[in-house]
Amino acid sequence: MPNETTTSTEFAAIDHRRSAAPGQEWWRSAVIYQIYPRSFADATGDGIGDLAGITSRLAALRELGVDAVWLSPFFRSPQRDAGYDVSDYCDVDPIFGTLADFDALRDRAHELGLRVIVDLVPNHCSSDHPWFQEALAAGPGSPERDRFLFREGRGENGELPPNNWQSVFGGNAWTRITEADGTPGPWYLHIFDSSQPDFNWKNPWVWEQFRQILRFWLDRGVDGFRVDVAHGLMKKEGLPDIVEVAESGGLADAISAPDEVPYWAQPEVHEVYRDWHRVLDEYEGDRVLCAEAWVEPLAKAALWVRSDEMHQAFNFSYLGTPWNAARLRSVIDESIAAFSAVGAPSTWVLSNHDVVRHSSRYGLSTYGAAPASGIGPKSEDKPDDVLGLRRARAATALMLALPGSAYLYQGEELGLPEVIELDDHVREDPSFHRTNGEVYGRDGCRVPIPWETAASAFGFSSSGESWLPQPPVFAHLARDRQQGDPASTLELYRAALALRAEHALGTGELAWLDGFGDQVVALRNRGVIVVANIGDAPVPLPEGSLLLASGPLLEGSVPVDTTVWVAVN
Ligand code: NOJ
């Protein structure tokens, strides 16, 4: 772990010996960049990104101006759900490298002043995990079986699943096992794929394992954890039938799930996070827990970030809000009210590895409401990419002006669109396969990102291999093509991040401004006026000094689908 406080005049290396005063912690206003390891940079040339590849490219993120990186899972895993099916929580999967590669990544990131957040997957593990294999071998009634949720089936011979729960990825949430002697056995619960058995969080043994996993990574110097399915760990006592089974349409369905879904947002789950908060408190420096909890309304999501629980919770209500001024004003108001009521910042986000990229979402006829099932060749609503990118740039400029923290997803700084034209045979998302292709799923936002226009695989991989094919349009969107071009999306992001830091917008306060009309989101944060024109006619450019514009301006006015930042005194 580097201990030096500064390595350049521009940034300070991360030093865990120092904690900020309460209320000043870095995560309250940080911009965190999500790296999806298999699609970021491939150093070995096998077509799958890896840790060494990430390390070699970290300087580009420093230049971009983010404060931290979150790495999606790189742990040992058979990769049936792209690493969200973990078979060893304390080791690196060989496709991504080794623990030594992780240490090198952490050191390089910390030296560059970038914090490192890793992904924790506590709702389920891989069915290949020794814990599950031991549970299968140990037989009925054993302590090993009690680590998971095994139940007898219904019907005369237990041939029907124990209840009517459906997998988020489609199909039944239960799979029946065959005992060692060949007889049909009980069923185990998997809210996701059948290769992802859910843990029994009523069992103290499970609590202890996860404390140890947290300490393993904290001892290794990580700055925090993004917690997968943080609303799902506890299931309602008795595992009752769900009253109304929603048609499964991927993760985004969960956000509209009614309160009474017996596997989401059960009150006991909060005790787990209080326990983990205490574990993090054993460590110096400001470490962070970020909840992936698809919970509505926002006042309920805010329960995950009460002062003795987690620190951040992705604001998925914001992510799901269409490009509409009234809707945006109201979700921003609701967010600030809900999170500040518990002393937490709002954690803004527009894209991640589970949703259609926002540059394509905003080009749909739904104006950005996330299609739960992804977009593919046969989708009826295909995005207008030009319109989508224009709105996405305006949306990002609005988001980065808001007080609180924000997450960016790799490639959005390049304006990458969702890749729609992927052949069925290259798709890997289990939700595509479990629904027989009815749900396209998430591969379209996971295509390896372009670094250099002229390099093989656009610089993703020296061998030219890429686990998902990259579309030709990536040549125009590669990082080197955009670098230094003031009109590019990359330079827009870079400028916005620098100005956000310079004006301390992340720790500011929002005041709405009147007089711009209903179809405009106009606000002031510290000395910056922000105007997002979401209407159908240009609006006057506010007086002051222009800091940022998400697109070309007209003489004295802000065109539609454009956001500006103007400094006033
Ligand atoms: C949420 C993750 O973001 C997603 O990619 C994964 O498939 C599910 N949780 C299951 O772990």
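Shape analysis of segment 489-532 yields a ratio of the Cα radius of gyration to the Kirkwood radius, Rg/Rh, of 1.03. Helices in the chain, meaning DSSP H runs of at least 4 residues, each add -39500 (n - 2.57). Divided by all residues, the mean residue ellipticity at 222 nm is -7000 deg cm²/dmol. In terms of accessible area, using a 1.4 Å probe and ignoring ligands and nucleic acids, 449, 534 rank largest first as 534, 449.
When 300, 202 are compared by accessible surface with a 1.4 Å probe, the order from highest to lowest is 202, 300. Segment 518-569 and segment 444-480 have Cα centres spaced 34 Å apart. On a per residue basis, the chain carries 37 Å² of accessible surface, using protein heavy atoms and a 1.4 Å probe.
For segment 1-119, the Kirkwood hydrodynamic radius from C-alpha pairs, put into Stokes-Einstein at 10 °C and a viscosity of 1.306 mPa s, yields a diffusion coefficient of 106 µm² per second. Kirkwood hydrodynamic radius computed over the chain comes to 24.3 Å, based on all pairs of distinct alpha carbons. Along its principal axes, segment 353-484 has C-alpha extents of 41, 38, 26 angstrom, given from the largest down.
Our summary gives the chain a relative contact order of 13 percent, counting only alpha carbon pairs under 8 angstrom and 6 or more residues apart. For the chain, lysine pairs separated by 8 or more sequence positions, or belonging to different chains, with Cα-Cα distances below 25 Å total 5.
In the complete set of protein chains, residue-level accessible area for residue 89 is approximately 10 Å², probe 1.4 angstrom.
Just so you know, the Cα atoms of segment 305-372 work out to an Rg and Dmax of 13.1, 42 Å. Measuring spread by the Cα atoms of segment 434-569 yields a radius of gyration and Dmax of 19.5, 58 Å. Short to long, the 5 Å bins of the Cα pair-distance histogram for segment 248-407 hold 2, 9, 17, 20, 19, 15, 10, 6, 3, 1, 0 percent of all pairs. Evaluated with a Cβ-only charge set (Lys, Arg +1; Asp, Glu -1), the chain carries a dipole of roughly 1000 debye about its Cα centre, given to the nearest 20. Please report, to two decimal places, log10 I(q)/I(0) for segment 523-562 at q = 0.19, 0.24, 0.29 Å⁻¹ as given by the Debye formula with identical point scatterers on the Cα atoms and no solvent. Taking Cα atoms of segment 523-562 as identical point scatterers yields -0.51, -0.80, -1.13. Estimated at the nearest 10 Å², the accessible area of residue 327 is 130 Å² with a 1.4 Å probe. Surface composition of segment 81-205: carbon and sulfur atoms hold 51% of the protein heavy-atom accessible area at a 1.4 Å probe.
Computed over every Cα-Cα pair of segment 377-436 and binned at 5 Å starting from 0, the pair-distance distribution P(r) comes out as 4, 13, 19, 18, 16, 14, 10, 5, 1 percent.
Distance distribution P(r), segment 125-182, all Cα-Cα pairs, bin width 10 angstrom from 0: 21, 49, 30, 1 percent. DSSP beta bridges confined to the chain are antiparallel in about 55 percent of cases.
Considering only 324, 24, 411, the residue lying farthest towards the positive end of the dipole of the chain is 24, judged by Cα position with unit charges set on Cβ.
The values are calculated or read from the model by the stated rules, or taken from the named source; none is laboratory data. This is a predicted model, so every value here is computed, not measured. Note that we place each Cβ from the backbone using ideal geometry, even for glycine, and neighbour counts take in every protein chain shown. Each accessible area value is taken on the protein alone, full model and side chains, heavy atoms only, with ligands, DNA and RNA left out. Shrake-Rupley method; radii C 1.70, N 1.55, O 1.52, S 1.80 Å.
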